[in-house]
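What follows is one structure encoded as structure tokens, with my remarks underneath.
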Amino acid sequence: MYEYTFTAGSKNNIDTKGFCNNFSEIQQETLRHTADCIHHRSTYPNGFVIEMIEYADKIIIKTNRELKDDGNGNFTVLEK
């Protein structure tokens, strides 16, 4: 998996347009929810998987596909 770390509160966007027709098609799982951390996973119908681990000071994002940064906080999911 690919891993990216962001400062909490930073403006970042991962473009998943076209990955599904309806939000309900995305399988959502909460893996851990504690006072220190929220960890959840989203699996899209096209096989894209993203995990977000949120702490007070940072957010760690893990994906099964590489993300391309446009330099302005917008990320595109690259094909396999």
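Checking each residue in the range 25-48 for being surrounded by fewer than 15 Cβ atoms within 10 Å (Cβ to Cβ) and either touching a residue at least 24 places away in the same chain (Cβ under 8 Å) or within 25 Å of GLY71 (Cβ to Cβ) (or both) picks out PRO45, ASN46.
Residue-by-condition table, conditions (1) under 18 Å from PHE19 (Cα atoms); (2) at pLDDT 95 or above; (3) not hydroxyl-bearing (Ser, Thr, Tyr):
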site: ARG32; (1), (2), (3): no, yes, yes
site: ASP36; (1), (2), (3): no, yes, yes
site: HIS39; (1), (2), (3): no, yes, yes
site: ILE50; (1), (2), (3): yes, yes, yes
site: GLY71; (1), (2), (3): no, no, yes
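Taking first residues from the range 7-24 that are without any contact (Cβ under 8 Å) to a residue 24 or more places away in the chain and loosely packed, with under 10 Cβ neighbours inside 10 Å and partners that are assigned to a loop (DSSP other than H, G, I, E, B) and of a type in the set (S, T, N, Q), the Cβ contacts under 9 Å between residues at least 6 apart in sequence or on separate chains come to GLY18/ASN46.
GLU79 satisfies every condition listed in (1) in a strand (DSSP E or B); (2) without any contact (Cβ under 8 Å) to a residue 24 or more places away in the chain; (3) charged (D, E, K, R) except (1).
The set of residues from the range 31-80 being in contact with a Cys (Cβ under 9 Å, 6 or more places away or on another chain) and acidic (Asp, Glu) comprises just one member, GLU54. Counting the residues of the range 7-66 that are more than 22 Å from LYS80 (Cα to Cα), outside any loop (DSSP other than H, G, I, E, B) and of a type in the set (Lys, Arg) gives 2. Cβ-Cβ distances below 6 Å connect the following pairs, each with a first residue in the range 54-68 that is within 18 Å of ALA8 (Cα to Cα), a second residue that is of a type in the set (Asp, Glu), and a separation of six or more residues or different chains: LYS62/GLU3; LYS62/GLU51.
The values are calculated or read from the model by the stated rules, or taken from the named source; none is laboratory data. These numbers were taken from a predicted model, which means no experiment stands behind them. Using ideal geometry, Cβ is built from the backbone for each residue, glycine included, and neighbour counts are taken over all protein chains shown.
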